[in-house]
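Derivation of every value follows stated rules applied to the coordinates shown; laboratory data play no part. Model, not experiment: these values are computed from the prediction.
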Amino acid sequence: MEDNIAIRVDHVSKVYKLYKKPSDRMREAFGSKKVQVTEHFALDDVSFEVKKG
């Protein structure tokens, strides 16, 4: 019953980069390859539906 669905979200992911030092973000932006970054997944392949009403 697709008619009852108001919103459908499929396979959504959101990753934040965590830097050891605030200056590492700037270094990465200018192409430095020595920056240590940890990736944090706030959302990882999330899917859901919201029905009408």
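Quick notes
- Segment S13..F41, full-extension length gain: 9.3 nm, with 0.36 nm per residue of separation and the alpha-carbon distance subtracted.
- Prolate is the label for the chain. Its Cα gyration tensor axes, ordered a ≥ b ≥ c, give a/c of at least 1.5 and a/b above b/c.
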